[in-house]
Amino acid sequence: MGQKIQSVKGMNDLLPVEQKDFKITAAYWQAFENLIQNWTKRFAYQQIRTPIVEQTGLFVRSIGEETDVVGKEMYTFSDSNDTLSLSLRPEGTASCLRAVVEHSLLHAAPQKLWYMGPMFRRERPQKGRYRQFHQVGIEALGFAEADVDAEIIAMCADLWKELGITDYLTLEINSLGNKEERAAHRSALVDYLSGFYEQLDEDCQRRLHTNPLRVLDTKNPALQDIVNQAPRLIDYLGEESLQHYQTVKNFLTGLGIDFVENPRLVRGLDYYNHTVFEWTTDKLGAQATVCGGGRYDGLIEELGGKPAPSIGFAMGIERLLLLVRDYGCLKANNAPDVFVMQQGEGGALVAMRYATQLRQAGFNVAQFSGSAKLKNQFKRADDSGARFALIIAESEMENNQITLKDLRGENGQITIAASELISQLNTWSK
Ligand code: HAM
């Protein structure tokens, strides 16, 4: 026997059954995907699908060379000609914008787009943090005003309500202002943090020069006093930025969406300005952020398009489903309606014909494959979760009859003329 080959660390299989460490089944995932299709339709967002692999330069230019995502976590490799560096996408925004610019989608009108799919980051795996994970993302491209900031946040709130997890999520918001405001704040921050250089940990010392805003994000308890006293970006915002931020907050209040202002919320990707937000939970341990996003008004231009102020967010499907499964109300049902079993000479063919007839009438049908005692077939029918069993044995075939059993309800078992199969099941299904 050959040696077993394991899956790659931090990359999950989605199975028909729950696994020990990852209790999400493929059916549950699919129920979520169906809900997402309807949700995006309700808000009139159009789907975009882009390749999983892009030129590395796309991510360097958009997400930022000094970020953890680009600096440490990307799966990067050379294409066969050795001159082109490619990377598995670590997020969806960059690819989405690359496609929008490449196909001139913004020439005619602004765009409201959504996507769903696998992303790759070489992080240390733990519950809720994986190396292949999945996001649902939405991007509203070509919208400068604060109403769309509020619309996309309200879109999240709508989804949480449908999933039954509103009470378990907190909305944190902040404004990062514009480029000049951030530069002024950055220089004050570097001056301030340099005064504590010796006390900073290695990571923060490195970030002080590469990405000082991220020092504010540190979880190191010993540094909390220092970062709490640090210059606040909000104090460097000019009137226009403050006005935009205030308008977003007014919209949220007007829509009845609770939020907490977090002046230290900076996000881990470099492209953001003005509004940023995260939805966090205290139910998932360390991996608390279920969804995050914000404005990126300069990014499309940075990627070669005409200036188009934009905003978006992405949610981690694994994290979200771990939360929904334990606290929410999404149900998966992939059980068949009818389980067909048969016994006797020629029974398999007759059963297949009935199964075809049932499927054509709109029922989901499982069929026992092979031959076994009816007792064993009943056990399989029960395990399948089917509501009804259709039994074809010798006497049914002789008399052109069928036997139906209600496996979950009060209707018992009946033998009737074969011609009544569909009408009887329709009556029982009501
Ligand atoms: P992000 O905050 O890097 O933003 O990721 C969004 C969400 O993806 C996170 O809140 C988290 O739920 C999930 N996530 C990230 N890394 C992992 C991981 N290793 N394992 C499991 N889940 C993870 C972005 O990616 C931006 N593109 C969002 C955006 C769209 N901003 C504007 N438009």
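Just so it is clear, none of the values below were taken in a lab; they were calculated from the coordinates. These figures come from a predicted structure and were not determined experimentally. Cβ: placed from backbone, ideal geometry, glycine included. Neighbour counts: every protein chain shown.
Sorted from fewest to most neighbouring beta carbons within 10 Å, what does the list ASP383, ASP68, ASP82 look like?
ASP82, ASP383, ASP68
Please work out the C-alpha center-to-center distance from region 297-326 to region 160-208 and express it in whole Å.
Centre-to-centre (Cα) distance: 18 Å.
With 10 angstrom as the radius, rank TYR192, TYR45 by how many other C-beta atoms surround their C-beta, starting from the fewest.
TYR192, TYR45
Find the relative contact order for the chain and round it to a whole percent, using C-alpha pairs within less than 8 Å whose residues are 6+ positions apart. Before the final figure, lay out each step's value.
Working: 716 pairs, mean separation 67.0, N = 430.
Value for the chain: 16 percent.
Considering only PHE277, PHE59, PHE259, give the residue with the highest GNM mean-square fluctuation for the chain, with springs between Cα atoms whenever their separation is below 10 Å.
Among PHE277, PHE59, PHE259, the largest mean-square fluctuation in the Gaussian network model of the chain belongs to PHE259.
Is region 338-429 rounded, prolate or oblate when judged by the Cα gyration tensor, a ≥ b ≥ c being the square roots of its eigenvalues, rounded requiring a/c under 1.5 and prolate requiring a/b larger than b/c?
It comes out rounded by the Cα gyration axes.
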